[in-house]
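Any read-out appearing in this document is the output of simple, stated calculations on the displayed coordinates, not a laboratory observation. A quick note: this is a predicted structure, and the numbers were derived from the prediction, not measured. Positions of Cβ are backbone-derived with ideal geometry, glycine not excepted, and every protein chain shown enters the neighbour counts.
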Amino acid sequence: MYDCIIIGTGAAGVSAALTLKALKVNFLLLGDKKLSRKIRSAEKIKNYPGLIGVSGEEMSKVFLTQLADAEIEITQGKANGVYPMGDSFSVMCGQVTYEGRTIILATGVETIKPVKGETEFLGRGVSYCAVCDGFLYKDKTIAVYCEGEEEIKEVLLLSQYASKVYLFCPEKVKVDAPNVERVGAVIKQIKGDMRTRAVVGVQGEWAVDGVFMLKQSFGADTLVYGLKTEDGAIVTDKNQGTNLAGVFAAGDCTGRPFQYAKAVGEGNVCAYSVNAYLKSGKGV
Ligand SMILES: Cc1cc2nc3c(=O)[nH]c(=O)nc-3n(C[C@H](O)[C@H](O)[C@H](O)COP(=O)(O)OP(=O)(O)OC[C@H]3O[C@@H](n4cnc5c(N)ncnc54)[C@H](O)[C@@H]3O)c2cc1C
C-alpha cells in the first residue's frame with residue numbers, strides 16, 4: 001500500500017513527485033517513463049522561470065535528470081480505473097492493481113474529444129485498455145484508434161487476439177502485423193444497438209465487434225467515478241482537493257491556463273495537501 005499514487009508524468013506529476021519525495025511520503029509515480037508527449041512538444045518555452053528559451057525536449061531531459069537525482073522511479077503504465085475502497089483507493093492498470101491511501105490526478109487535458117457514440121458504447125464494445133480487454137476479442141474484428149508510435153505495442157498486442165484490426169491513426173505508423181490495416185486518421189462515429197457494431201471514418205464505414213480508443217489522456221471523470229468536473233476540467237479547491245476525500249488534482253486536468261508553470265505549482269500544492277491529509281490521520 002502506497003501513501004499516494006500519482007497518475008501522470010507530465011509537469012504536474014513530476015513536480016508532485018519531487019515534493020512528495022522531499023516530504024518523505026511513500027508514493028508511486030505511474031505513467032510514461034519518457035514523460036508526457038506534451039512536455040516534449042513545445043518548440044521554444046519562453047514563459048517558464050529559470051529555463052531560458054529551452055525546447056520541450058530539453059525541459060523533459062532536465063525533468064528526467066531531476067527524477068533520477070532524487071531516486072524517483074516511474075512505473076510504466078496507464079491507469080484505466082480508480083476505485084474507492086473505504087479509506088484507500090485501487091488503481092487498475094491493465095492486469096495490475098495498485099493500492100494507495102491518496103491519489104494525485106496529473107493526467108493532463110484530453111486532447112481528443114470523445115467521438116460520437118464513444119461514451120454511449122463504453123463497456124459495450126468500446127475500451128481504453130488493450131491489456132485489460134484485448135482477450136475479449138479473440139478471432140473478432142476490431143477498430144483501434146491510436147495517437148502515434150507510443151501505442152504501437154498495444155496495437156500489436158490486440159493484433160494477436162483479433163482476426164482483423166482496422167487502424168485509425170493521424171501518423172503514418174508502421175505496424176508489423178499482417179492483419180492490421182490502416183484505414184484512416186480519425187474515427188468519426190461509433191455505431192451499434194445493444195453493442196458496438198461499426199465505426200465510421202472519413203473514407204467509409206467498417207463493421208466491427210469492438211473499438212479500442214488508445215488515447216494518451218481520457219476524461220478524468222471516466223477514470224474516477226463520481227469525480228466532479230466542469231467543462232471537462234476537474235473542480236478543485238485552493239489545496240487542489242477534489243470533491244472526493246483523498247483525491248487531489250494538478251495541472252492541465254484542472255483547467256486553463258494550460259501552462260507548465262501552473263502545472264508545476266499545482267503539483268507542488270498537491271504534495272503538501274496529501275502530506276497534511278495523511279498526517280491528519282485520514283486515509284490511514
Ligand atoms: C505544442 C505545445 C507547446 C506548448 N508550449 C508551452 C509553452 O511555451 N509554455 C507553457 O507554459 N506551456 C506550453 N504548453 C503547455 C504545456 O505542455 C502543458 O501545460 C503541460 O505539459 C501540462 O502538464 P500536465 O502535467 O498537467 O499534463 P501533461 O504534460 O499533458 O501530462 C499528463 C500525462 O499524464 C498521462 N496520463 C493521462 N492519463 C493517464 C492515465 N490514465 N494513466 C497514466 N498516465 C496518464 C498522459 O499520457 C501524460 O503523459 C505547450 C503545449 C503544447 C502541446
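Label separation (V96 vs N47): 3.6 nm, computed from points 7 Å beyond Cα along the C-beta direction. Pick out which of E71, E154, E110 has the largest mean-square fluctuation in a Gaussian network model of the chain, springs linking Cα atoms closer than 10 Å. Comparing E71, E154, E110 in the GNM, the peak value goes to E71. Each residue of the range 165-178 was assigned a 3J(HN,Hα) from its phi angle through the Karplus expression (A = 6.51, B = -1.76, C = 1.60, θ = phi - 60°), giving 10, 8, 9, 10, 7, x, 9, 7, 7, 9, 10, 8, 8, x Hz with x at Gly and Pro.
Viscosity 0.692 mPa s, temperature 37 °C: give me the Stokes-Einstein translational D for the range 1-110 in µm²/s, with Rh taken as the Kirkwood radius over C-alpha pairs. Each step should come with its number before you reach the end.
On the way: Rh = 14.5 Å.
Answer from the Stokes-Einstein relation: 226 µm²/s.
Among the cysteines of the chain, those with no neighbouring cysteine Cβ under 4.7 Å are C4, C93, C146, C169, C253, C270. Each Lys and Arg adds +1 at its Cβ and each Asp and Glu adds -1 at its Cβ; summed about the Cα centre, the range 126-214 shows a dipole of about 280 debye. Sorted ascending by nearby beta carbons within 10 Å, beginning with the fewest, S280, S60 become S280, S60.
Give, to the nearest whole percent, the P(r) tail of the chain beyond 27 angstrom, counting all Cα pairs.
41
If you build a Gaussian network model of the chain, linking Cα atoms that sit under 10 Å apart, which residue out of I52, I142, I104 swings the most? Result: I52 has the largest fluctuation of those listed.
Our Cα-only numbers for the range 166-284 put the radius of gyration and Dmax at 20.0, 57 Å. Anisotropy class assigned to the range 22-65 is oblate, per the alpha carbon gyration tensor with a/c at or over the 1.5 cut-off and a/b no larger than b/c. Report the residue, chosen from V211, V173, V224, that carries the largest GNM mean-square fluctuation when the chain is represented by alpha-carbon nodes joined by springs under 10 Å. Largest GNM mean-square fluctuation: V173. Per-residue ellipticity at 222 nm from helix content only, as computed over the chain with -39500 (n - 2.57) for each DSSP H run of at least four residues, stands at -7000 deg cm²/dmol. Here r is the Cβ-Cβ distance between T141 and K279 and R0 is 51 Å; the resulting FRET efficiency, rounded to 0.05, is 0.45. For Q189, the residues whose amide H sits under 5 Å from its own are V200, ignoring neighbours fewer than 5 places away on the same chain, with H placed 1.01 Å from N. Relative to one another, the C-alpha centroids of the range 184-244 and the range 63-130 are positioned 14 Å apart.
To the nearest 0.05, what FRET efficiency results for Q160 and K238 with a Förster distance of 45 Å applied to their C-beta separation?
That gives a FRET efficiency of 0.40.
Dividing the Cα radius of gyration of the range 126-214 by its Kirkwood radius returns 0.92 for Rg/Rh. In terms of surrounding Cβ atoms within a 10 Å radius of their Cβ, F89, F218, F212 rank from fewest to most as F218, F89, F212. With a Förster radius of 30 Å applied to the C-beta separation of A185 and V62, the computed FRET efficiency comes to 0.35.
Length gained on full extension, K174 to V202: 8.0 nm, using 0.36 nm per residue less the C-alpha separation.
If the limit is 24 Å between Cα atoms, which of K113/K140; K34/K238; K140/K174; K44/K262; K34/K153 go over it? Where the Cα-Cα span goes over 24 Å, the pairs concerned are K113/K140; K34/K238. Counting only whole DSSP H helices of the chain, the ones at least 18 Å long by C-alpha along their axis and with mean Kyte-Doolittle hydropathy no lower than 0.0 are 260-279. The residues I187, I74, I234, I112, when put in order of fewest to most other Cβ atoms within 10 Å, stand as I112, I74, I187, I234.
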